[in-house]
Structures are given as C-alpha cells and as structure tokens.
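A.B. asks: Dropping the structure in here first, questions after.
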Amino acid sequence: MKCIMSDWNIEKKLGLFALVLGFIAIFAGSPFHSAEVKVNTKDIALSTVNDKIDVTELADYIIKGNADYRLIDLRDEEEFKIYFIPTAMNIPITQLAAAPLMRNEKIILYADDDVAAAQGWFILKSEGYNGVYLLKGGLNEWKDKVLFPKLASDAAPEEKIEFEKMCEVSKFFGGVPQTDASETVKQEVKLPSLDLPATTNLSTQGKKKKREGC
C-alpha cells in the first residue's frame, strides 16, 4: 500500500484520511453500542500517531538553539503572518507532498490542533518519511502552556515551582504569564510580534551536497 500511496496526489491522500475518520465515525455511532458508551472519534484517529513532541520540549529546543529539526507550520499564509512559533517555516498542507524535504531529518509538524497536523503526518508517513512528529496540542497548546501559562489561586507548591519556570520561558517568547487575578486581562493580551522568516526556496531543500575529498 505504501508504494501505491506514494504515487497519489495530496487530494487523494487527504481523501483517504477523511475516509478513515468517516469509517471510525460510523462504528462510533453504531446503534449496537450501549447508550453509556461514548467514543471520541478524534482521540481514536490520533491514537495511531505516537510520535509527538510536547510544546515545552520544543520551547527548550528553541531556547538552547538546537538546529537538528525542521519545524513546519501547516496553516495558510495569512494565519502564519499573524503569528507563528519561532524557527518555523510555512508550508501549507496542500503543498506539503510537493515540498522536497529531506527524508533523514527530524520534522515537527503543527497546525492549530492535533487533528489538522495529523493529516500532514499521514501524508509524509505515506511518502516514506520516518522522522515525522506532531507538536502535541499544536499552536493552541503553545499559547496555553508557553505564551500564557496560568497559575490557579489554589495551586499546589509543585505547581507554583513549575509556574515560576514557565514564567521565564513565557517572557523569553514575549508572552505574559497569567494568574487568576489576571484572567480578565488575558483577553486583551496580544500575541508577540515576530519578524517573518526569510523566504526559503524549497526547490533547493532536501538536496544532498556532493561529498568532497576523501
């Protein structure tokens, strides 16, 4: 199947992904199921994607200057211009299959949430890319945990210690830590302003340099 799918265009691959979700939904809604049993089709669809990276782990990569990964934002260009995670490059999901990415590199995909990014994961996996990961929770979780971490008034001591750590991470990325007292202010907090990355010529990406010397 892998060989057959490698010849498919992106519309066919996304269509198959949708078909799989629809198939799951049919059984999830089967009248033979007990009324007490509820199946979250989104969770089932994502349960096969085990390669995930937490947003705090990615934040640590960026702060330490790690360069052994490629972070790809699968949203459209207009959404990308509003805000993107630092170090990310924008490849809309409709262009992902044609992007000449290197098969031996670590690729981290994200969109607003896991469901949208899972489509990209499915596409690259079907093309034979092995080092593909999802950013767990996507941009929504990045905002909640990294940009605007929150501390409840009844937080446990260990939660307060973790919050203090995340405050420094949040400030590094231009975010604003939140407490219960600042909850009403959160709606007025703007996303950090970032300079758009230089345009990358994808046609040159993924090509290995000729080995020189011995």
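Computed from the coordinates by the stated procedures, all read-outs in this text should not be read as laboratory data. Being a predicted model, the structure only gives us computed values, none of them experimental. Please note: Cβ atoms are built from the backbone with ideal geometry, for glycine as well, and neighbour counts cover all protein chains shown.
A.B. asks: By counting other Cβ atoms within 10 Å of each Cβ, how are L109, L74, L124 ranked from fewest to most?
C.D. replies: Sorted ascending by nearby Cβ count, the order is L124, L74, L109.
A.B. asks: For F172 and E77, calculate 0.36 nm times their separation in residues minus their Cα-Cα distance, and state this gained length in nm to one decimal.
C.D. replies: Contour length minus the Cα-Cα distance gives 31.7 nm.
A.B. asks: Next question, about the same structure. 7 Å from Cα along Cα→Cβ at both A98 and S153: what's the point-to-point distance in nm?
C.D. replies: Computed distance between label sites A98 and S153 equals 5.5 nm.
A.B. asks: What ranking do 59-71, 163-175 get when scored by the average of other Cβ atoms within 10 Å per residue, highest first?
C.D. replies: 163-175, 59-71
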